[in-house]
Amino acid sequence: MKDGNKMAYDRAGGRVQRSLASRVRNAEERLRRLLDDPVPPPPEPLRFTPVLRARHLQSVVLDAVDIAVTDRLDRASLTVTAGERLLITGPNGAGKSTLLGVLAGEVAPDSGSVTRRGRVGHLPQEPHPGEPDETVLAAFARGRAGEAAAYTEQLLSLGLFGRDQLTVPVGRLSTGQLQRLALARLLSEPSDVLLLDEPTNHLSPALVEELEAALTGYNGAIVIVSHDRRLRRRWQGAHLAMRATSTSATRC
């Protein structure tokens, strides 16, 4: 090999060796940083596991006769028996949410009457489960006996919030998190009738499936308002279809 070629070869070989050594040092440094400050494992996915409780009632639990709310709900009558499943559908403006509010006793009808038997739980379409400065845990425990901290494990057991979210103020929650908090409050108390207004809004598909599974095992009556096509496709109970201009409807 000529001297010029040998010198060029040595220079090239030296650059390769220096490059390899630099890569090794960089890899060793990245490994050291990783060992010193390991990446935390991803959080476990939420698992919605409510234990729904209802008494074994019989006969009629809700009986609404000729109820109406001016400009919001035309005259309607509705009877729900113990353990019954009823899906209410219809376009916006049909009065579906108002109907649930009247059945729950939260909206006073301008005419007609409602007879309720048993404990009624209501999830409105836009829930407000706490004050903005309340923590998630305090809002969940509000109105219940004892200190809020005593309800930590109960809230965590539902699978709707992680431990690090319990101290977050309600005012900082997303719409979906507000929905989950309202569900947690509702479904952790015994109810004989559940009135659910768009309960799958803002929930992940996995949480929707787990909510449906929980409701399947519930022995109380359920009245659901929903536009969710998947829920409606899987529905196996009765169906009340309301119209926009009148609550006269077809029940099947």
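Some observations on this one:
- Accessible surface, segment 83-227, averaged per residue in Å² (probe 1.4 Å): 41 Å²
- Protein accessible area in segment 91-171, 1.4 Å probe - carbon and sulfur %: 49 percent
- Applying both filters, DSSP loop and at most 13 other Cβ atoms within 10 Å, to the GluC sites (Glu not before Pro) of segment 146-252 gives Glu147.
- 3J(HN,Hα) from dihedral phi, segment 75-86, Karplus parametrisation 6.51/-1.76/1.60, rounded to Hz, x for glycine, proline: 3, 8, 10, 7, 10, 10, 9, 4, x, 6, 10, 9
- Take the Kirkwood radius over Cα pairs of segment 170-252, plug it into Stokes-Einstein at 10 °C and 1.306 mPa s, and you get 111 µm²/s for translational diffusion.
- Database remark: amide H of Gly90 closer than 5 angstrom to the amide H of Met242 (H placed geometrically; neighbours at sequence offset of 5 or more, or on other chains; Pro and chain starts carry no H).
- Computed 3J(HN,Hα) for segment 215-224, one whole-Hz value per residue from the Karplus formula 6.51 cos²θ - 1.76 cosθ + 1.60 where θ = phi - 60°, is 5, 4, x, 7, 9, x, 7, 10, 10, 10, glycine and proline marked x.
- Close amide H partners of Trp235, meaning residues 5 or more places away or on another chain with modelled amide H under 5 Å apart, do not exist here.
The values are calculated or read from the model by the stated rules, or taken from the named source; none is laboratory data. Computed from a predicted model, the values in this text were never measured in an experiment. Glycine gets a Cβ as well: all are built from the backbone with ideal geometry, and neighbour counts include every protein chain shown. All accessible areas refer to the heavy atoms of the entire protein, side chains included, with ligands and DNA or RNA removed. Shrake-Rupley method; radii C 1.70, N 1.55, O 1.52, S 1.80 Å.
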